[in-house]
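Just so it is clear, none of the values below were taken in a lab; they were calculated from the coordinates. Values in this document were obtained by computation on a predicted structure and should not be read as measured data. Cβ coordinates were reconstructed from backbone atoms using ideal geometry, including for glycine residues, and neighbour counts include every protein chain displayed.
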Amino acid sequence: MIEMGELREGIKREGLIPFYKKIFKLSNLDVVGIGTNLGCMYGIQPTYDKLIQLVLYEQLIEAKFKRNLELVSGAAALPCPSWNGARCLPGSTISALVRQPFWALLPWITSQSWGSIPELSLFEANIVELYKKSNVPDGTITDAAVGHTPDDPDVEEESQSFKAIMDFGVLDVDAEHLVPEDPDIRFFGNSSDLTVYDLGDNPRGYKTGDVMRFELKYMAVAKLMYSRFVEKVLID
């Protein structure tokens, strides 16, 4: 891994040749390629110029040490403007190897935002309770809460609305990375194992046992795929 501006893992570019000079002397290692991380921590764009620079590093190493590097890994799914691998970059200068788990390709991520693509990632959750309840808590509030609630100071104290209790919580996925398919519902709060959505007057007639669907942003996919308590279904 080569550091190219993201300030995560990777050796410095000026240390590239000394590093590989030592690495190639280790007979127990098989060097198959080089890579870089872009877009994960600071969101540095994997621009065409940066990826071409990565390819030049590969060519430099091959020329210097008379070795063949089979793989050049450039920033997972982030640089790909389409799902056709041959069109990740103009021409065929770089082969984008995604060495992360397959879920890295599920949500569509652009260099401007953490977007989602519903055709490739979907989360289904069940309504385990549905009642019309107050929109404000009743009692002395402490800082002992493990979950989150939206900051909504304009809620009327006596107002009520239907609250759907969902069978997932913070331990499963962060609601901020979920996009409800139903645009009329809104996040109301969550805890370790349950999440609450405000249905307003429930115009769609949701009831206990119904399934709600959510499009996924990147971090939602990452957390859900690591959870052994969430069923995963791959659809051709």
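Could you run through region 183-211 and say how many residues are closer than 30 Å to Gly43 by Cβ, of a type outside the set (Ser, Thr, Tyr) and in a loop (DSSP other than H, G, I, E, B)?
Number satisfying all stated conditions: 2.
Output the residue which, of all residues in region 36-72 that are of a type in the set (Asp, Glu) and part of a helix (DSSP H, G or I), is surrounded by the most Cβ atoms within 10 Å (Cβ to Cβ).
First pass over region 36-72, keeping only residues of a type in the set (Asp, Glu): 49, 58, 62, 70.
The next check asks that each one be part of a helix (DSSP H, G or I); those that pass are 49, 58, 62.
Values: Asp49: 9, Glu58: 19, Glu62: 12.
Filtering first and then ranking leaves Glu58.
Tally time: how many residues in region 2-35 are on the phi < 0 side of the Ramachandran plot and part of a loop (DSSP other than H, G, I, E, B)?
Summing the residues that are on the phi < 0 side of the Ramachandran plot and part of a loop (DSSP other than H, G, I, E, B) in region 2-35 gives 15.
Considering only residues that are free of Cβ contacts under 8 Å to residues at least 60 places away in the same chain and part of a loop (DSSP other than H, G, I, E, B), look in region 212-229 and name the one that is farthest from Leu194 (Cα to Cα). Reasoning before the result, please.
So in region 212-229, the residues free of Cβ contacts under 8 Å to residues at least 60 places away in the same chain come out as 223, 226-229.
Within this subset, residues satisfying the condition of being part of a loop (DSSP other than H, G, I, E, B) are 227-229.
Details: Ser227: 15, Arg228: 17, Phe229: 14 Å.
This residue is Arg228.
Would you please name the residue that is surrounded by the most Cβ atoms within 10 Å (Cβ to Cβ), looking only at residues in region 191-215 that are over 14 Å from Glu129 (Cα atoms) and of a type in the set (S, T, N, Q)?
It comes out as Ser191.
Could you tell me how many of the residues in region 216-236 are surrounded by 13 or more Cβ atoms within 10 Å (Cβ to Cβ) and of a type in the set (D, E, K, R)? Show your work before the answer.
Residues of region 216-236 surrounded by 13 or more Cβ atoms within 10 Å (Cβ to Cβ): 216-225, 227, 230.
Going one step further and asking which of them are of a type in the set (D, E, K, R), we end up with 217, 223.
The total comes to 2.
Condition test on Leu178, is it crowded, with 21+ Cβ neighbours inside 10 Å, in contact (Cβ under 8 Å) with a residue 60 or more places away in the chain and not hydroxyl-bearing (Ser, Thr, Tyr)? Break it down into steps so the answer makes sense when it comes.
Values: crowded, with 21+ Cβ neighbours inside 10 Å: yes; in contact (Cβ under 8 Å) with a residue 60 or more places away in the chain: no; not hydroxyl-bearing (Ser, Thr, Tyr): yes.
Taking the combined requirement at face value, the residue does not satisfy it.
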